[in-house]
Amino acid sequence: MTLQAAFRTARSALAANAFQTATVSRNISGADANGYARKIVLVEPSLSGPTKATRIMRATDQSLQSAALDASSVASGDEAVSKALDALQSIVGQASDGVSPSAMLSAFRTALLHAAAAPQDAAGLAAAVSRAGSLVASLNQASASIQEVRAQADQDMASSVSTINALLKSFDQTNHAAISGSASGQDVSDLLDRRDAILSDLAKEVSISTIIGSNGDMSIYTDSGVALYQGTPRAVSMEPTTTFAAGVTGNAVYIDGVAVTGPSATMAPRGGALSGLAQIRDTYTTTLQSQIDEVAVGLINAFSQQSAAGSVRTGLFTWSGGPSMPASGTQGVAASIGVDPSAQGNPAFLRDGGIGGDPNFVANATGSSSYSARLYDLLVSLDAQQSFSAPPLPAHLNVSDLAAQSQGWLEGARQTAADKSISANAILVQTNTALTNSSGVNIDDQMSKMLDLENSYQASAKMMAMVDSMYAALFSAVK
Amino acid sequence: MSIFGAMRTSVSGMNAQSTKLSVLSDNIANADTIGYKAASAQFKTMLINAGLAQYGSGSVDTRIRYGISQQGALMGASSATDLGIQGGGYFVVADANGAPHLTREGSFRLDANGYLVNAGGFRLMGVSANASDTVGFSGLSQMKVDFSGLMATPTTSGAFSANLPSDASSVIAADLPSANAATASWTSQSSVVVYDNLGSKVTLDVYLTKTGANSWEVAVYDQSTAGPSGFPYSSGPLTVESLQFDPTNGSLSAPVPGQLSIGIPNGRSMSLDVSGMTQLGAPYSVSSVSVDGNAPTPFSQLTIDTDGTVYAVYQNGARAKQGEIRLATVPSPDNLMPQAGNVYDVTSRSGDVLVGSAGQGAFGGLVSWALESSTVDIASELTDMIETQRAYSADSKAFQIATDMADVLVNLKV
């Protein structure tokens, strides 16, 4: 050990100290950044003593991180479902607000009851026909809104797909830079932070699982096992559908050539916005559509007209396929249901029958203005049970109950989705807190480290000053 | 005659001290020279025949000793090609004429031609990547790193392991992916990127299909031959293999060993290790995937292991062995002959050269990012200097006294 060695040791201590100070300031500035993991400096005495090698490490917790990614996928999937159902309900309406098909149906029924009590009152008949008009308008509106929500979900899926592709592309660059950097011994911790931030963005779109290879290379799979990134980003694609109508099926999303949404998908991811939107587009909206289609079919059936010869045709309510009757399960009836124009022109048709102008279907043979049998028949028929195919609703119901239960089903689905979303968010907050506690930055901790560093810097500087004064003594001895 | 003898003796003393001062000043001048070994001056007596009654003063002769075997402290440096040796051994370097020398000066830098050149202008010598271990001193050549072009490596091996869901339903034989029919169905799918001979990426589709209880089929296709909706592929499977799982623990029981041989289109035959596959009552999930090989990638930098292996690191993280630095030593390093440029030459007194790998036998390990500092200690040089100065003064005093005595003698007659 020589005096020069003492100098060098003090100098390397100063360098290591400066490196640690820089890291502390990096930690403090990154305390609030998304995906920032606390940096830890490893100061190790080297073999030969005086030099100090410094290495930087990230505080990470793999299992907590993957739990946080899962929680974020579930939360964003549930949130997408909950938001879309909220939108759907605010458009279709609630039972109590008086504009929903169910409320319109009950208003129509009341008007029909009044008309039956005073069949000679032209204004009463006109009111019933006008109520019928409002009812079909609300069904048309509901059907259009459902398809709008579907179209919106489809667009959101397309934009989610392009987000995923963009994220995978930037992941590719970051991953390559990180591998290359770590292979050549550089500090890649910022790149790894960036990579984790991309993963957390990606997890919001689709639920993922990751595998880290021996050289730090990371592969990403969906939680169902479809490759998203391994060596290269895999193609994620979806053909958006321009126009949605009842019966139109949206296109599936393909990852790496495998369908991950839709009924044929055997490897569908279990979370993420993409899967939430696919549920809205392919399940919730189609179910609701088939329910209101059945309401429309039920209405047309309840008001059908039968001739003496036994032939049946549409009555007050008709549809695009009229005057033939729609079969139960016909798609898109709610979009095309309307009030027969002849009844609108002459509300008395409602009382007398023969809507559409065919005399074979006239019930009031005498033409009496106090004829009410047909109106009472219609009320009975409206309240009669019919067979529907609108799962998950019961198969045998009357139209009013079907409309009310459809409303209830939507409300139930919305409530369930909202509850799920709230609890998923609670779990997300909890896992994120746990992750931040284990790998985030604690400012108090960093401050106390800063004080330590200040002291050791002073000690090293003092050491140098002392060696310098020893040299000075030696030089003064040489005369 | 002893007065004049005393004068000659003190002159030889002054000569010896000035030689020592030269050595000291050289040491001090090189106190910061990388790999410099401090020299020292040693004195030996030269006596003239003396009787019992007479003392014939002799003189002092100087011998220069070199502490070439001394280890200097390693200090941190700014480059991966700054090399220090922790322990015995010397770098073998070539001068402009190609003649080999030994040195501890390890501040090598890559020059435009791919040679590693130190601050003294000497080129580092070693052996090429595939040389045998028993290369002698004459077999060493100047290390040359090829960093101009791109490097691509075809894939030859890889590993893929996943858990297959034991509760999946079986697929009938006609619909298995191996039949390559439009009606093909499968249980799980994955894809793996590999590299062909030219380093182009080839994506392999891996279909895992349950065929019966504990029995699965793995079929591998080239994704680029996939039809518009997947199956059928325009060319048949690259490999098809039946996997059997042990019903007692879900591990792979056949084939043994769990290797698939896949002929990569335009590439090598790849051996894919699937021995880690399991079949348990859990959903499909890939647990590890790795393949070797890489796409064409430009040179990034050199790294050097403690055993002296020189790797070129490419921008995608791939490493390729470029050669190996070999160290040399002699039985008596302190008898090496120093030459300009901080190098040493072998002399008859130092013995024959021994060549070997760093970290083995008498050879120390290589430390990258470090340089060996000079062994000179300024404090001890300065104290020696004070001593030298005093000794020189004493010699001159003796000379002065002898002169005075001679004066007295000369003036006796007056």
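A short reminder: the numbers here are calculations on the coordinates, not readings from a lab. Note that the coordinates shown come from a computational prediction; the quantities given were computed from them, not determined experimentally. Don't worry about glycine lacking a Cβ; one is built from the backbone with ideal geometry, like all the others, and counts go over all protein chains shown.
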Around residue A:393: net Lys/Arg minus Asp/Glu count, Cβ-Cβ under 11 Å: -2
Cα-based convex hull volume of segment B:11-133 per residue, rounded to whole Å³: 191 Å³
In terms of the Cα gyration tensor, with a ≥ b ≥ c the square roots of its eigenvalues, is segment B:335-414 rounded because a/c is under 1.5, prolate because a/b exceeds b/c, or oblate? prolate
If I model a spin label as a point 7 Å beyond the Cα along the Cα-Cβ vector, how far apart are those points for residue B:11 and residue A:144 in nm? 12.5 nm
For residue A:204, give me every one of the lysines with a C-alpha distance below 21 angstrom, ignoring sequence neighbours fewer than eight places off in its own chain. A:83, A:169, A:420
What span do the alpha-carbon atoms of segment A:222-264 cover on each of the three principal axes, reported in whole Å from largest to smallest? 41, 18, 13
Report Rg(Cα)/(2.2 N^0.38 Å) for segment A:395-472, keeping two decimals. 2.84
Which far-off residues, 5 or more places away or on another chain, put their amide H under 5 Å from the one on residue B:166, with H placed in the peptide plane? B:280, B:281, B:282
Taking the Cα centroid of segment B:239-259 and of segment A:219-250, what is the distance between the two, rounded to the nearest whole Å? 32 Å
If the cut-off is a Cα-Cα distance under 30 Å, which lysines reach residue B:413, setting aside same-chain residues fewer than 8 apart in sequence? B:397
Which of B:388, B:183, B:306 moves the most in a Gaussian network model of chain B with Cα springs under 10 Å? B:183
Near the amide H of residue B:339, under 5 Å away, which other amide H atoms are found, from residues 5 or more places off or on another chain, if H is placed in the peptide plane? B:344, B:345
Can you grab the distance from the C-alpha centre of segment B:361-408 to the C-alpha centre of segment A:98-160, Å, no decimals? 111 Å
Using alpha-carbon coordinates, inclination of helix B:2-29 to the longest axis of chain B, degrees: 20 degrees
Under the √(5λ) rule applied to the eigenvalues of the Cα gyration tensor, what semi-axes describe the equivalent ellipsoid of segment B:72-227? Give them in Å, descending. 57, 18, 14
Residues of type lysines that residue A:449 reaches as a straight line, Cα spacing below 18 Å, ignoring anything fewer than 8 places off in the same chain: A:39
For a quick check: sort A:44, B:105, B:381 by the number of other beta carbons within 10 angstrom, fewest at the front. A:44, B:381, B:105
Round to the nearest 0.05 the FRET efficiency obtained for residue B:345 and residue B:113 when R0 = 45 Å and r is the Cβ-Cβ distance. 0.95
What nm distance separates the two modelled labels at residue A:186 and residue B:197, each placed 7 Å from Cα along Cα→Cβ? 3.4 nm
At a Förster radius of 51 Å, what calculated FRET efficiency corresponds to the Cβ-Cβ distance of residue A:248 and residue A:366, to the nearest 0.05? 0.55
Roughly what angle does helix B:378-410 make with the longest principal axis of chain B, taking Cα atoms, 0 to 90 degrees, to the nearest 10? 20 degrees
Highest average packing first - B:311-319, A:262-270, B:340-348, Cβ atoms within 10 Å: B:311-319, A:262-270, B:340-348
Compute the distance in nm between two label points, each set 7 Å from the Cα along the Cα-to-Cβ direction, one at residue B:305 and one at residue B:40. 3.9 nm
Phi angles of segment B:80-86, converted by Karplus (6.51 cos²θ - 1.76 cosθ + 1.60, θ = phi - 60°) into ³J(HN,Hα) in whole Hz with x for Gly and Pro, give 5, 8, 7, 10, x, 9, 9
Rounded Å value of the spacing that divides the Cα centres of segment B:322-356 and segment B:128-194: 45 Å
How far is helix A:101-117 tilted, in degrees, relative to the longest principal axis of the Cα atoms in chain A, given as a value from 0 to 90 rounded to the nearest 10? 20 degrees
Using each residue's phi in segment A:177-186, evaluate 6.51 cos²θ - 1.76 cosθ + 1.60 at θ = phi - 60° and report the 3J(HN,Hα) Karplus result to the nearest Hz, with x for Gly and Pro. 4, 5, 5, 4, x, 6, 5, 9, x, 7
Chain A, Rg to Rh (Cα coordinates; Rh as Kirkwood inverse mean 1/r): 1.30
Based only on the alpha carbon positions, what is the Kirkwood hydrodynamic radius of segment A:119-274, in angstrom? 18.6 Å
Using r as the Cβ-Cβ distance of residue B:213 and residue A:442, and R0 as 45 Å, what FRET efficiency do you calculate, to the nearest 0.05? 0.25
Stretch residue A:118-residue A:91 to full length: gain in nm at 0.36 nm per residue minus the Cα-Cα span? 6.2 nm
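Using only C-alpha atoms and all pairs of different ones, pull out the Kirkwood radius for segment A:89-165 in Å with one decimal. Could the numbers behind the result be given before it?
Working: mean 1/r = 0.0689 Å⁻¹.
Result for segment A:89-165 stands at 14.5 Å.
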Only residues of segment A:156-200 count here: report those whose backbone N is under 13 Å from the spot 7 Å along Cα→Cβ of residue A:215, or say none. A:176-185
Which whole-number percentage describes the relative contact order of chain B, with Cα contacts under 8 Å and a sequence gap of 6 or more? 24 percent
Of B:194, B:367, B:171, which is the most mobile in a GNM of chain B whose springs link Cα atoms less than 10 angstrom apart? B:171
Is the protein assembly as shown rounded, prolate or oblate when judged by the Cα gyration tensor, a ≥ b ≥ c being the square roots of its eigenvalues, rounded requiring a/c under 1.5 and prolate requiring a/b larger than b/c? prolate
Let a ≥ b ≥ c be the square roots of the eigenvalues of the Cα gyration tensor of segment B:145-280; is it rounded (a/c under 1.5), or, if not, prolate (a/b larger than b/c) or oblate? oblate
Per-residue HN-Hα couplings for segment A:73-86 [Karplus 6.51, -1.76, 1.60; θ = phi - 60°; Hz; x = Gly/Pro]: 4, 4, 4, 6, x, 5, 5, 4, 5, 4, 5, 5, 5, 4
Distance from a point 7 Å along Cα→Cβ of residue B:244 to each backbone N in segment B:152-174: keep the residues under 11 Å and list them by number. none
